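The numbers here are math on the coordinates, done by the rules we state, and not lab data. The shown structure was predicted, so the numbers you read here are calculated from the model rather than taken from an experiment.
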Amino acid sequence: MHHFGVLIPPTNTTAEIDYNRLLPSALRAHVGHIPLLSLGSAVHPGHGDDALETQARLLGHAGLEVISLMQTTASLDSDDFDEIVVKRMRDAGGVPAVTASPAIGHAVRALGDRRIARVATDDIPSIERVSHL
C-alpha cells in the first residue's frame, strides 16, 4: 500500500470524501488542513502562519511517500511560489513534496499527452458525474 499526504484548505469539503471513495485500495490519502496560501498571504519562510509546516510535520509521521498541496490557484501568486512551498513541506515532513500545478504537468507528461482541456461547471456536483460525461 502507498501512503501520501495532502494539504487542503478547510473550505474544501469534498476532497477528503472523494479520496476515500475513489482511490484504489493500494493508495491511502492522509489529509491535513491549512489556510489558503493564495490571495496575498505570506508564503515565504519565516513569514505568516506556520500551519503549512505544522501540518506537513504531522503528516510526515504517518510514513508517507510524498506530501502535496491541493491549492492550484496558489501557484499563480508568485513565480517562486511552488519552489518555496515545496521546500517548506519537504523540510517539515521529511519526504518529497509537490504542489498541484507541477503535479498536473508531471501527470500529463507521464501519460504522454501533449494537449489538455479543462472543463468547469457549477451544474455538476460531483466527480462521479464528471466522469460519465
Check: For Gln71, which sequence-distant residues (separation of 5 or more, or a different chain) have an amide H within less than 5 Å of its own amide H, given hydrogens modelled in the peptide plane?
Finding: Ala100
Check: Can you list the residues, at least 5 places off or on another chain, whose amide H is less than 5 Å from the amide H of His30, using H built in the peptide plane?
Finding: Phe4, Gly5, Val6
Next item on the list: Per residue of the range 53-62, in order, report the coupling 6.51 cos²θ - 1.76 cosθ + 1.60 (Karplus, θ = phi - 60°) as ³J(HN,Hα) in whole Hz, putting x for Gly and Pro.
Entry: 5, 4, 5, 5, 4, 4, 5, x, 7, 8
Check: Stretched out fully, how many nm does the piece from Val31 to Ala51 gain, at 0.36 nm a residue minus the Cα gap?
Finding: 5.9 nm
